[in-house]
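Peer 1: Here it is: the structure, laid out below.
Derivation of every value follows stated rules applied to the coordinates shown; laboratory data play no part. A quick note: this is a predicted structure, and the numbers were derived from the prediction, not measured. FYI the Cβ positions are ideal-geometry reconstructions off the backbone, even for glycines, and counts take in every protein chain you see.
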Amino acid sequence: MAYYQNPLDVTSLPSWKALTDHRLDLQNFSMREAFASDPQRFSDFSLSACGLFLDYSKNLITHETRDLLVSLAREAGVEQALHAMFEGQPINASEKRPVLHTALRRPVGECIMVDGRNIIPDVHQVLNQMTDVVGRIHTNQWRGYNDKTITDVVNIGIGGSFLGPQLVSEALLPFTQNGVRCHYLANIDGSEFREVMAKLNVETTLFIISSKTFSTLETLKNAQAARAWYLARGGTQEKLYRHFIAVTSNKPAAVAFGILEKNVFPMWDWVGGRYSLWSAIGLPIALAVGMSNFKELLSGAYTMDTHFRTAPFEKNMPVLLAMLGVWYSNFWDAQSHAFLPYDHYLRNFVKHLQQLDMESNGKSVRQDGSPVSCDTGPIIWGGVGCNGQHAYHQLLHQGTPLIPSDFIVPVVSFNPVADHHQWLYANCLSQSQALMRGKTRAEAEAELREKGLDDAEVQRLAPHKVIPGNRPSNTLVLERISPRRLGALIALYEHKVFVQGVIWGINSFDQWGVELGKELGKSVYQKLTAYEADAAEDASTQGLIDYFRGRHRG
Ligand code: F6P
């Protein structure tokens with residue numbers, strides 16, 4: 001029976017038990033001491049792959065920990081699972097679908113069969129369709145209703161139909177071509193709509209309605225409002241096709257909206273929303289940076305796919321990151337994980353990772369419906385350094401919870417200004433160093449004495465100055481963001497999330513939890529707008545409905 005039909009209870013595996021004992025052995029483990037006693041620690045716990053360098057030496061681990069974590073990955077069937085994913089087995093069991101975002105980055109000539117059909121030619125056909133449209137827009141052959149050049153593209157989409165494209169198109173700003181600006185409209189919020197539209201000229205704006213299902217409320221409402229905006233400002237119905245295109249697996253709905261059939265880019269149900277930036281959902285990326293850079297992005301992700309499939313687990317970057325996450329979530333009670341990119345171009349990375357990780361692994365039952373027996377996905381949060389240092393890093397250093405962090409930093413800046421980048425890099429390293437080293441009571445007291453404070457004052461202040469240290473982090477270094485390295489970086493975290501899902505026995509590719517809120521949203525909307533509506537099921541919701549209606553009646 002396939003592993004996803006009958007997932008193991010990971011907590012019953014021998015290596016889980018061994019890790020539980022090993023965790024007790026590490027109760028007094030000190031990273032400071034480990035570095036002092038082992039000059040090889042950095043080289044033993046670091047590796048390069050796909051243009052990324054990972055230092056994971058600042059973790060609460062020994063060589064034995066790594067061996068046990070790798071054994072756990074093996075016993076939990078990660079190898080079998082990754083082959084099942086790449087081969088297109090229906091590992092998204094609750095939806096009976098294969099999971100094949102990796103097929104989107106496979107070269108021509110390869111073969112993956114889904115329902116008796118090789119899907120790789122379909123993938124490349126869509127890439128050709130994208131190349132054609134991007135080329136026509138970039139060379140001014142595609143023009144607006146009164147023949148003006150397209151200068152602005154608005155992506156109307158939410159969740160995976162927004163976060164990935166926004167992350168990448170903004171991260172690759174130094175690679176921008178042909179002056180097409182990208183804007184994003186996601187939320188159902190009139191203020192966001194007005195703010196985005198205020199920057200645009202109807203004659204030179206192209207809207208991409210990005211929705212795998214073409215049924216997402218926020219996206220449809222924004223698409224309707226954008227169409228009304230276009231028509232109210234001189235755009236004609238007849239030439240609407242020059243201003244609206246769609247990316248969806250629901251072609252009939254897009255055509256019913258008014259989009260020309262040939263301007264509907266397909267999606268497939270074997271690509272999950274949060275894994276879709278590699279498909280035509282990435283059209284705004286391609287419009288911003290050109291198709292050759294988009295293909296470089298795909299090929300960077302492909303190199304990471306190959307690394308993931310072929311590297312031994314001891315040297316496999318996604319597997320190691322995943323297992324370190326399991327180590328902290330399940331053996332050290334860590335509830336969250338911080339991502340701290342020291343790069344302006346990665347400012348949207350955390351938002352993308354939040355959906356990627358939390359929508360994938362925020363689950364409480366295993367693939368077979370049985371309850372999980374250990375904690376699953378952590379809370380993902382963070383933001384760009386150094387800004388975080390002057391805000392929430394305090395909690396990382398002296399707060400009560402243990403929060404593992406991933407630092408991400410380029411060695412070279414696209415925009416050298418004075419010695420900014422040296423300082424940025426130094427800040428990144430000093431943060432992970434401070435988290436690891438901390439400051440002992442003796443060091444805090446010595447420091448205060450050196451400042452000339454008397455003994456009473458030293459004793460009063462010292463407890464506040466102590467930093468526990470021993471707080472784990474990974475540091476990912478890359479030369480600087482390029483389409484290829486960014487592709488590898490995003491794919492790295494996709495695979496990390498996948499491995500963790502396998503360990504926990506959950507389905508990382510469905511998202512039933514978001515459905516209830518959508519259903520209830522429709523019912524609340526009815527009650528807000530219809531005077532004869534039934535009362536809400538609970539007094540709180542009804543009270544808040546009354547508050548809204550009271551305001552709008554007056
Ligand atoms: O509601 C969650 C979700 O389904 C995400 O998984 C998805 O990325 C997003 O909504 C948007 O969905 P669609 O692309 O179908 O509009």
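Peer 1: Hey, quick one: spin label on residue 433, modelled 7 Å out along Cα-Cβ, who in the stretch 42-70 has an amide N within reach, i.e. under 14 Å?
Peer 2: Hits in the stretch 42-70 for residue 433 at 14 Å: none.
Peer 1: Here's another thing I want to ask about it. Be a star and scan the stretch 35-54 for residues whose amide nitrogen sits under 18 Å from the point 7 Å along the Cα-to-Cβ vector of residue 467.
Peer 2: 35-36
Peer 1: Do any trypsin sites (Lys or Arg not before Pro) in the stretch 94-135 lie in a DSSP loop with no more than 12 other beta carbon atoms within 10 Å, and if so, which?
Peer 2: Those satisfying the criteria are 96.
Peer 1: Can you give the helix-only mean residue ellipticity at 222 nm for the chain, where every DSSP H stretch with n ≥ 4 adds -39500 (n - 2.57) and the sum goes over all residues, rounded to the nearest 500 deg cm²/dmol?
Peer 2: -14000 deg cm²/dmol
Peer 1: Note down the magnitude of the dipole of the stretch 1-115 about its Cα centre, charges +1 on Lys and Arg C-beta and -1 on Asp and Glu C-beta and zero elsewhere, to the nearest 20 debye.
Peer 2: 280 debye
Peer 1: Counting other Cβ atoms within 10 Å of each Cβ, which GluC sites (Glu not before Pro) in the stretch 199-238 have at most 15 and sit in a DSSP loop?
Peer 2: Of the GluC sites (Glu not before Pro), the ones in loops of the stretch 199-238 whose Cβ has at most 15 other Cβ atoms within 10 Å are 238.
Peer 1: Give me the net charge for the shell around residue 511: Cβ to Cβ below 12 angstrom, other residues only, Lys and Arg +1, Asp and Glu -1.
Peer 2: 0
Peer 1: If you don't mind, there's one more thing I want to ask. Amide H of residue 471: which non-local residues (sequence gap of 5 or more, or other chain) have their own amide H closer than 5 Å, using H built in the peptide plane?
Peer 2: Amide H to amide H, under 5 Å and 5 or more residues apart or across chains, residue 471 pairs with 436.
Peer 1: Next question, about the same structure. Could you tell me, in Å, what Rg and Dmax come out for the Cα atoms of the stretch 104-292?
Peer 2: Computed over the Cα atoms of the stretch 104-292, radius of gyration and Dmax are 15.8, 49 Å.
Peer 1: Which of rounded, prolate or oblate describes the stretch 40-127 when judged by the alpha-carbon gyration tensor and an a/c cut-off of 1.5?
Peer 2: Taking the square roots of the gyration eigenvalues as a ≥ b ≥ c, the stretch 40-127 is oblate.
Peer 1: Let me ask something else about it. Distance in nm between label sites at residue 221 and residue 201, each 7 Å beyond Cα in the beta-carbon direction?
Peer 2: Between residue 221 and residue 201, the label points sit 3.1 nm apart.
Peer 1: Can you tell me how much longer the chain between residue 53 and residue 30 gets when fully stretched, taken as 0.36 nm per residue apart minus their C-alpha distance, in nm with one decimal?
Peer 2: 5.9 nm
Peer 1: At 0.36 nm per residue, minus the direct Cα-Cα distance, what do residue 124 and residue 110 gain on full extension? Give it in nm, one decimal, please.
Peer 2: 4.0 nm is the gain from fully extending residue 124 to residue 110.
Peer 1: A further question follows. From the P(r) of the stretch 431-542, could you give the percentage of C-alpha pairs in the tail past 19 Å?
Peer 2: Considering the stretch 431-542, 74 percent of its Cα-Cα pairs are separated by more than 19 Å.
Peer 1: At a Förster radius of 25 Å, what calculated FRET efficiency corresponds to the Cβ-Cβ distance of residue 238 and residue 262, to the nearest 0.05?
Peer 2: Computed FRET efficiency for residue 238 and residue 262 comes out at 0.95.
Peer 1: What list of ³J(HN,Hα) couplings, whole Hz, do you get for the stretch 116-128 from phi and the Karplus terms 6.51, -1.76, 1.60, once you set θ to phi - 60° and write x for glycine and proline?
Peer 2: The phi angles translate into x, 10, 6, 8, 5, x, 5, 4, 6, 5, 5, 4, 5 Hz.
Peer 1: Return, ordered by residue number, the residues of the stretch 459-484 whose backbone nitrogen is under 16 Å from a label point located 7 Å along Cα→Cβ of residue 450.
Peer 2: So the set is 462, 465-467.
Peer 1: Just subtract the alpha-carbon distance of residue 441 and residue 519 from 0.36 nm times their residue separation and send over the number in nm, one decimal.
Peer 2: 22.6 nm
Peer 1: Could you name the lysines whose alpha carbon sits less than 19 Å from that of residue 518, not counting residues in the same chain fewer than 8 places away?
Peer 2: Excluding near neighbours in sequence, the set is 212, 221, 363, 527.
Peer 1: Each residue of the stretch 200-207 in order: what ³J(HN,Hα) in whole Hz does its phi give by Karplus 6.51 cos²θ - 1.76 cosθ + 1.60, θ = phi - 60°, with x for Gly and Pro?
Peer 2: Each residue of the stretch 200-207 in turn: 10, 10, 4, 5, 10, 10, 10, 9 Hz.
Peer 1: If you don't mind, another one. Under the rule of at least 5 residues apart or a separate chain, name every residue whose amide H is placed under 5 Å from the amide H of residue 97.
Peer 2: Result for residue 97 returns 92.
Peer 1: Summing Lys, Arg as +1 and Asp, Glu as -1, what charge do residues with Cβ under 15 Å from the Cβ of residue 356 carry, residue 356 excluded?
Peer 2: After counting each charged neighbour, the total is -1.
Peer 1: What's the FRET efficiency of residue 37 with residue 67 using the Cβ-Cβ distance as r and R₀ = 22 Å, to the nearest 0.05?
Peer 2: Taking R0 as 22 Å, the efficiency between residue 37 and residue 67 is 0.70.
Peer 1: Give the residue list of GluC sites (Glu not before Pro) in the stretch 477-554 that are DSSP loop and have at most 16 other beta-carbon atoms within 10 angstrom.
Peer 2: 479, 532, 537
Peer 1: Between residue 387 and residue 20, what is the spin-label point distance in nm, taking each point 7 Å from the Cα along the Cα→C-beta axis?
Peer 2: Inter-label distance under the simple model: 4.3 nm.
Peer 1: List the residues, sorted by chain then number, that are 5 or more residues from residue 207 or on another chain and whose placed amide H is less than 5 Å from its amide H.
Peer 2: Hits under the 5 Å cutoff: 154, 244, 245.
Peer 1: Could you let me know the centre-to-centre spacing of the stretch 263-288 and the stretch 483-537, using Cα atoms, in angstrom?
Peer 2: Rounded to whole Å, the Cα centres lie 18 Å apart.
Peer 1: Here is a follow-up. Across every pair of different alpha-carbon atoms, what Kirkwood hydrodynamic radius in Å does the chain reach?
Peer 2: 25.6 Å
Peer 1: Restricting to Cα pairs below 8 Å that are 6+ residues apart, what does the relative contact order work out to for the stretch 37-99? Please round to a whole percent.
Peer 2: For the stretch 37-99, the relative contact order is 15 percent.
Peer 1: How much of the DSSP bridge set in the chain is antiparallel, in percent, rounded to the nearest 5?
Peer 2: About 30 percent, rounded to the nearest 5.
Peer 1: Okay, moving on. Per residue, what volume in Å³ does the Cα convex hull of the stretch 476-542 take up?
Peer 2: Residue-normalised Cα hull volume stands at 187 Å³.
Peer 1: Once you place label points 7 Å from the Cα toward the Cβ at residue 117 and residue 309, how far apart are they in nm?
Peer 2: 2.2 nm
Peer 1: May I pose another question? Calculate how steeply helix 483-504 sits against the longest principal axis of the alpha-carbon atoms of the chain, using the helix alpha-carbon long axis, and give the answer as 0 to 90 degrees to the nearest 10.
Peer 2: That works out to roughly 70 degrees.
Peer 1: Here's something else I'd like to know. What percent does the relative contact order of the chain come to when contacts are Cα pairs within less than 8 Å and at least six residues apart?
Peer 2: Averaging sequence separation for qualifying contacts and normalising by length gives 20 percent for the chain.
Peer 1: Per residue, what volume in Å³ does the convex hull of the Cα atoms of the stretch 186-313 enclose?
Peer 2: 135 Å³
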